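The values are calculated or read from the model by the stated rules, or taken from the named source; none is laboratory data. Because the structure is a prediction, the values reported are computed rather than measured. Here Cβ is always computed from backbone atoms with ideal geometry, including for glycine, and neighbour counts include all displayed protein chains. What goes into the accessible areas is simple: the full protein's heavy atoms, side chains included, and nothing from ligands, DNA or RNA. Shrake-Rupley method; radii C 1.70, N 1.55, O 1.52, S 1.80 Å.
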Amino acid sequence: MADELERLKARRVTALYRLDLIGKGAQLSYDDGTLVDMRSEQARLEEMVADLDRRIARLEATLH
């Protein structure tokens, strides 16, 4: 379980880093050059962080 907790925390840090980049105006593109809809990407990452927060809290509760 501790390994799972660390994995989730690492995913959360990565998502927060990407949200920070989006906030600073980063623009991503797919391999074919098509631009990523940053508004949708931001919403997806925000939902991911919220989900990870819930999952991390559940795991931490079982470990303590």
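What to note about this one:
- Using Cβ point charges alone (K and R +1, D and E -1), the dipole size of the chain about the Cα centre works out to roughly 200 debye.
- Kirkwood Rh and Cα Rg combined as Rg over Rh, evaluated for the chain: 1.11
- The chain, accessible surface, carbon-and-sulfur percent (1.4 angstrom probe): 52 percent
- Computed accessible area, V13, all protein chains, 1.4 angstrom probe, square angstrom: 100 Å²
- Mean separation of Cα contacts under 8 Å (6+ apart) over length of the chain, as relative contact order %: 49 percent
- In the chain, the DSSP-assigned H stretches of four residues or longer account for a calculated mean residue ellipticity at 222 nm of -26500 deg cm²/dmol, using -39500 (n - 2.57) per stretch and the full residue count as denominator.
- Relative to the longest principal axis of the Cα atoms of the chain, the long axis of helix 38-63 lies at roughly 10 degrees.
- For region 1-33, the set of trypsin sites (Lys or Arg not before Pro) satisfying both a DSSP loop assignment and a count of at most 10 other C-beta atoms within 10 Å is given as K24.
- Helix 2-23 axis, angle to the chain major axis (alpha carbon atoms, nearest 10°): 30 degrees
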